[in-house]
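Novice: Right, I'll just put the structure down here and ask away after.
Derivation of every value follows stated rules applied to the coordinates shown; laboratory data play no part. If you're wondering where the values come from, they're calculated on a predicted model, not measured in any experiment. Methodologically, a virtual Cβ is constructed for each residue, glycine included, from the backbone with ideal geometry; neighbour enumeration extends over all protein chains shown.
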Amino acid sequence: MKRSQRKRRISWIDVTFSIAIITLTFAAIYLITQKTKNEALATSGKENVTTVIIVDTIDSSYPGIKIVTETSNDAISPFAIQYPQSVHQDFNDEVTSYIETAKQQYLTTINQQQEVNGKTAGELNISFETVPHDSGIYSFIIKKDRFIDKSNQKKEIHVFHLNPETGNQLTVEQLFNEDPNNLKQLSSIVRNTIYKDPMLQENLDLQNVHIATEELWNNFNNFALTNDHLRFYFQQGAFSADELEPPFAVIPLKEINTMLADEFKLPLDESQMTDHATKTLENEIESTENKEVTNPGSESNTIDPIVDGPKRVALTFDDGPDPKITTQILDILKKYEAPATFFMLGSRVEYYPEIAKLVQVAGHELGNHTWTHPDLRKLSVEKIQSEINQTTAIIEQETGQKVTAFRPPYGAINQTVRSQTSLPVALWDVDTLDWQHHNPTKILEIVKQQTKDGSIILMHDIHQSTADGLDAVLSFLQNEGYVFVTVSEILNK
Ligand code: ZN
């Protein structure tokens, strides 16, 4: 009896104690967990107590412009940002909106990577340069340099414009009087500048350049205006995949002075001075090019034409220009220092004027192959004339070089067609049939069988197989002792 009473009392005490201990344990676990959680948050950088963000505003050396600086020393997502502000709300809002977007994208990307990879670190630097123009307009060139885990680096340039006195911002439309003809010229000038830039030339993707410089005002809105030139910025990777910086094209104002709105035109005397300076530069470039041509390694240039001169052959390329194939062919011709004749279609020159220009710059003869490639014998005299004349006009307009030969499509010609042009008609005697078989080695076979002194070889600069087979053809002809000449040189002998 006693024993059982005691037993019951003990068990009651046991239960009470047990409940107390369990409660305390849970409380302790809860507290420890909370503490760990807080520590985890602190080290993840989200609520790092040691991170300091400083925002500071100072006057710049340009009246009416303040410089805002924001820095964060966060271990995982540090940044240093600098941007301009003024007394004009519209301008300020546009700039801060750009900066906020850049900052948020950076922080979001790091947080996302953090969740996937665990450890991610990045850096964001935004700085800017102020370029003044005599009209009172400032160009603020904002340079964004962001990397995340080093492998993921991205550079960007964005230009804002402001006249701090009036609050006016400048667009490329306003700069060029909103004139579509000016846009057309600008597109062509910028394109040609990019093609001729030796810094860019190596790895240019011509089709990408064509797209990036199409006749759209938006393509040219990222510009900086100085008193001497206009600089157009493009996206990193816009012209070639391995660009380390956003590419840009510099256009001297002198070249586009007549296209500019009055308030941005150069003063008369200054435009003349710049004109002179540019001419001197052009002369220098020319003389450098001459030096290259007469380099001691190439003896073909020093051989005078004599009666029993070397065998001659003319290479001709029809139906271009083509942004991909024509440029490949130009490279191969350059390797052999071989001049050639390109019979171009007016419709393609209209679409790829910069490629036609490249052919001219490389020193080749330019030929007319009609606008739409018809059988001219089936057309009226008026149609024949417009096919030929329009094509000559656009080739000469885009390249600045005279058209010196004509080739009718399919070689289809009669007396009516012949009498519609004063250009010499150039047919061929070696037909590589490249358009038919698309076989690079077959081109060489035909050339080997049919070429003789004075031959004119027909090929097309629109087929990849032609570009692929050309090096072997040139190598063969050169080894056989042939000298490469233009069609006109063969016709005139
Ligand atoms: Zn053709």
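Novice: Mind giving me the nanometre distance, one decimal, between the label points for residue 423 and residue 131, set 7 Å out from Cα along Cα→Cβ?
Specialist: Each label point is offset 7 Å from its Cα along the Cβ direction, giving 4.0 nm.
Novice: Shifting gears a bit: Run the numbers for residue 389 and residue 480: contour at 0.36 nm per residue of separation, minus the present Cα-Cα distance, in nm.
Specialist: Gain on stretching residue 389 to residue 480: 28.9 nm.
Novice: Here is a further query. Give me a comma-separated list of calculated 3J(HN,Hα) values for the range 342-355, in order, Karplus coefficients 6.51, -1.76, 1.60 applied at θ = phi - 60°, integers in Hz, x for any Gly or Pro.
Specialist: Computed from phi, the couplings for the range 342-355 are 10, 8, 9, 8, x, 5, 7, 5, 4, 7, 10, x, 5, 6 Hz.
Novice: Which residue, chosen from 372, 437, 488, occupies the Cα position most advanced towards the positive end of the dipole of the range 311-491, where the dipole is computed from +1 (Lys, Arg) and -1 (Asp, Glu) charges on Cβ about the Cα centre?
Specialist: Comparing the listed Cα positions along the dipole, 488 ranks first.
Novice: Another question, if that's okay. Label residue 211 and residue 57 with points 7 Å out from Cα along Cα→Cβ: what is the distance between them in nm?
Specialist: 4.2 nm
Novice: Taking the DSSP beta bridges in the range 53-162 as the whole, what percent of them are antiparallel, to the nearest 5?
Specialist: Once the DSSP bridges in the range 53-162 are tallied, antiparallel ones form about 90 percent.
Novice: Please compute the contact order of the range 53-162 in relative form: average sequence separation of alpha-carbon pairs under 8 Å and at least six residues apart, divided by the residue count, as a percent.
Specialist: Dividing the mean separation by the residue count of the range 53-162 yields 19 percent.
Novice: Related question: Here is the link list: 334/383; 383/448; 143/184. Which ones come out longer than 31 Å on Cα distance?
Specialist: As for pairs spanning more than 31 Å Cα to Cα, those are 334/383; 383/448.
Novice: Here is a follow-up. Here is the link list: 324/378; 265/357; 335/357. Which ones come out longer than 22 Å on Cα distance?
Specialist: Violating the 22 Å limit, Cα to Cα: 324/378; 265/357.
Novice: May I ask you to derive the relative contact order of the range 67-109, considering only C-alpha pairs under 8 Å and at least 6 residues apart, and to give it as an integer percent?
Specialist: 27 percent
Novice: From the cross-link list 103/155; 452/493; 196/311, which pairs have alpha carbons spaced over 22 Å apart?
Specialist: Distance filter (> 22 Å) returns 196/311.
Novice: Run the simple label-point estimate for residue 147 and residue 397 please: 7 Å along Cα→C-beta, distance reported in nm.
Specialist: Taking the two extended label points, one gets 4.8 nm.
Novice: Over the range 53-162, what per residue volume does the convex hull of the Cα atoms give, in whole Å³?
Specialist: 93 Å³
Novice: Per-residue counts of other Cβ atoms within 10 Å, averaged by peptide: what ranking do you get for 157-164, 353-360, 244-251, highest first?
Specialist: Taking the mean over residues of other Cβ atoms within 10 Å, the ranking is 353-360, 157-164, 244-251.
Novice: Here is a follow-up. Please state the equivalent ellipsoid semi-axes for the range 311-491: what are the square roots of 5 times the Cα gyration tensor eigenvalues, largest first, in whole Å?
Specialist: 25, 18, 15
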